[in-house]
Amino acid sequence: MPDTDQRSETMTDQTTFPDPTYRDTVLEPLFEGVKTHFAHGMAQINRAHLVMLAETGILGSADTRALARALQDIEDETDIAALTYTGEHEDYFFVVEAALRAKLGDLGGALHTARSRNDMDHTVFKLELRVRVQGILKLLADLTQAFLEKAELEKETLIVAYTHGQPAQPTTFGHYLSAVIEVLLRDMERLDAAADGLEHCPMGAAAITTSGFPIDRGRVAELLGFEGPLLNAYGCIASVDYVTGLYSALKLPFVHLGRVVQDMGVWASFEVGQLYVPNALVQISSIMPQKRNPVPIEHMRHLASVTAGRCDMVVNTMHNTPFTDMNDSEGEVQQAGFAAFDSGGRMLRLLGAFLPACKINDVNVARNTEAACITITELADTLVRDEGLTFRQAHEVAAETARAVIASGEPLGRGFLAFAEAFEAETGRNTALSEERFATVTSAEHFVAVRDRPGGPAPAALEAAFSIYHANLHRLIERATVRADRHVAACAMLDHSFAVLQET
């Protein structure tokens with residue numbers, strides 16, 4: 001047993017709780033966060049748990065009716081936004097319980113039978129995260145749809161594709177956007193899987209080992225719109241992989257889209273000039289009249305980076321924490337993590353308006369295509385197919401041709417003489433290609449047209465890809481819709497069951 005001093009110290013701690021500094025730095029901010037984010041979810045949990053206590057007979061009908069009516073009165077009477085933290089009660093949970101006891105006496109404490117703040121906390125976190133994930137998946141679906149429409153519109157619009165920051169080969173804007181679409185769809189798959197991790201209910205785990213009462217965990221899960229209970233009670237409280245998995249998946253679209261935004265910045269630069277940003281999306285300089293600054297690109301890059309960083313913050317907060325109940329995964333970090341959804345949502349909405357409004361500058365694309373000889377790969381390929389050269393021989397002929405036309409400042413299409421000389425020097429014979437055939441082979445249009453394999457930029461290959469993208473996007477939207485419909489149906493079921501409880 002503790003000695004007298006220890007008993008006295010424990011009692012003193014209880015009677016003076018909370019310490020004013022602890023109250024101001026921890027308890028009051030947490031209370032404000034619950035008011036903003038979790039009060040509605042806590043009310044749903046109270047209702048579902050009481051319905052289960054009634055249906056299992058753990059509490060009698062008269063008691064559950066009185067509790068249901070008192071809960072309804074408290075919800076009707078309380079202006080949650082107007083509540084201020086006084087320190088009289090440790091947190092919002094005890095504020096509600098105190099209100100119940102004020103109305104019902106000791107019976108007010110019966111609602112907490114067979115549950116804990118532990119299982120309530122993780123359940124209410126999941127309820128709030130479900131709403132936010134549903135919103136971000138909707139924005140990602142909208143963005144993917146906008147990219148798809150733009151890709152279909154621009155499937156024949158030539159652009160210069162870059163590797164290592166240098167002009168590489170011609171392709172189409174639709175082909176480029178298709179690559180982005182595939183990443184978006186994979187990111188949505190990952191986020192959809194993480195959303196599934198929110199669909200099992202911790203209620204019934206109680207503190208960490210379930211309860212000796214004959215609770216019906218499945219019924220509470222059903223009333224709250226979950227697929228079912230999360231099985232292991234220890235894991236319900238300790239695992240928190242629903243948090244780390246979600247924010248890991250949430251981070252990736254913004255890492256990936258940040259790279260696309262960086263391309264937009266390069267493409268829109270004066271020197272490249274491949275992307276035209278309309279006036280509604282540029283700002284002028286306060287001193288330099290000639291400037292057209294596409295600053296939304298910078299804001300998107302910033303928002304993407306901030307969002308990824310906020311996701312890292314959440315995941316890193318869990319690093320090296322004990323595998324048990326701990327505050328590191330709870331109120332503070334949950335509320336802080338919501339900022340990732342906010343900044344991420346802003347970025348997705350801005351990109352969804354920005355990119356469809358932009359256009360490709362055909363004149364600058366043609367200029368850069370000619371200046372950089374980016375169709376030269378197809379000349380080498382043609383020499384292999386039509387002239388019977390090995391690819392290494394063809395590569396040497398093409399390289400020498402490129403050096404010659406770049407040095408002379410001529411476009412590749414008018415470099416037939418330089419090509420013929422390079423061909424004879426390498427092979428010891430004249431080429432069978434005509435000057436007209438050479439001009440065709442080195443054109444950007446021909447380069448794209450002959451790349452009609454799956455995944456290529458030719459129109460037929462792109463059309464086949466578009467069909468796949470539409471189907472995959474539709475499937476992901478349907479999955480999200482099924483979850484959302486289950487949540488809505490559960491709310492209606494819970495409202496009905498709770499109303500019946502008040503009457504019986």
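The values are calculated or read from the model by the stated rules, or taken from the named source; none is laboratory data. Remember, it's a predicted structure, so these values are computed and weren't measured experimentally. Neighbour counts are summed over all protein chains in view; Cβ atoms, including those assigned to glycine, are modelled from backbone coordinates with ideal geometry. The area values use the complete protein model at the heavy-atom level, side chains included, leaving out ligands, DNA and RNA. Shrake-Rupley method; radii C 1.70, N 1.55, O 1.52, S 1.80 Å.
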Checklist entry - In whole Å, what three semi-axes, largest first, describe the equivalent ellipsoid of the chain built from its Cα gyration tensor (square root of 5 times each eigenvalue)? => result 65, 23, 20
Item to check | Full-stretch length increase - GLU410, ILE468 - with 0.36 nm per residue and alpha-carbon distance subtracted | outcome: 16.7 nm
Checklist entry - What list of ³J(HN,Hα) values in whole Hz, one per residue of region 448-457 in order, does the Karplus curve 6.51 cos²θ - 1.76 cosθ + 1.60 (θ = phi - 60°) give from phi, with Gly and Pro shown as x? => result 6, 4, 7, 9, 9, 6, x, x, x, x
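Can you tell me what share of the DSSP beta bridges in the chain is antiparallel? A percent to the nearest 5 is fine.
Values: 9 of 11 bridges.
Antiparallel bridges make up about 80 percent of those DSSP assigns within the chain.
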Item to check | Size of electric dipole in region 307-443: Cβ of Lys, Arg +1 and of Asp, Glu -1, about Cα centre, debye, nearest 20 | outcome: 360 debye
Checklist entry - For region 234-258, list residues with backbone N below 16 Å from a point placed 7 Å from the Cα of ASN316 toward its Cβ? => result 244, 247-248, 251-252, 255
Checklist entry - Using a Förster distance of 22 Å, how high is the FRET efficiency between PHE94 and ASP24, based on the Cβ-Cβ distance and rounded to 0.05? => result 0.75
Next on the checklist: If amide hydrogens are placed 1.01 Å from N in the peptide plane, which non-local residues have theirs closer than 5 Å to the one on ALA161?
Outcome noted: ALA168, GLN169, THR171
Item to check | Å² per residue, accessible surface of the chain at 1.4 Å | outcome: 48 Å²
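At 222 nm, what value in deg cm²/dmol follows for the chain if DSSP H runs of at least 4 each add -39500 (n - 2.57) and the sum is divided by all its residues, to the nearest 500? Before the final figure, lay out each step's value.
Numbers: 19 runs with 328 residues, N = 504.
Theoretical 222 nm ellipticity from helices: -22000 deg cm²/dmol.
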Checklist outcome for this item: FRET efficiency for GLU436 and ALA357 from the Cβ-Cβ distance with R0 = 51 Å, rounded to 0.05, comes out at 0.80
Checklist outcome for this item: Phi angles of region 175-185, converted by Karplus (6.51 cos²θ - 1.76 cosθ + 1.60, θ = phi - 60°) into ³J(HN,Hα) in whole Hz with x for Gly and Pro, give 5, 4, 5, 4, 4, 5, 4, 4, 5, 4, 5
Checklist outcome for this item: Once the dipole of the chain is set up from charges on Cβ (+1 Lys and Arg, -1 Asp and Glu), the residue from the list VAL306, SER178, LEU127 lying farthest towards its positive end is SER178
Checklist outcome for this item: Proximal lysine pairs in the chain, meaning Cα under 24 Å and 8 or more positions apart or interchain, come to 9
Item to check | Selection from TYR469, GLY455, PHE438 lying farthest towards where the dipole of region 409-473 points positive, charges on Cβ | outcome: TYR469
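Using a Förster distance of 22 Å, how high is the FRET efficiency between ARG392 and GLU445, based on the Cβ-Cβ distance and rounded to 0.05? Could you put the intermediate results ahead of the total?
Values: r = 27 Å, r/R0 = 1.24.
In this case the efficiency is close to 0.20.
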Checklist entry - Of all chymotrypsin sites (Phe, Trp or Tyr not before Pro) in region 193-275, which ones are in loop regions per DSSP and have a Cβ with at most 16 other Cβ atoms within 10 Å? => result PHE270
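I need the per residue convex hull volume for region 102-259, using only the alpha carbons, in cubic angstrom as a whole number.
138 Å³
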Next on the checklist: Less than 19 Å from a label point 7 Å out along the Cα-to-Cβ axis of MET493: which backbone N atoms in region 211-227 qualify, by residue?
Outcome noted: 215-227
Checklist entry - Counting pairs of alpha carbon atoms under 8 Å apart in space and at least six apart in sequence, what relative contact order in percent does region 241-368 give? => result 35 percent
Item to check | the chain, accessible surface, carbon-and-sulfur percent (1.4 angstrom probe) | outcome: 54 percent
Checklist outcome for this item: With Cα coordinates, the longest principal axis of the chain makes an angle with the long axis of helix 391-408, in degrees rounded to 10, of 80 degrees
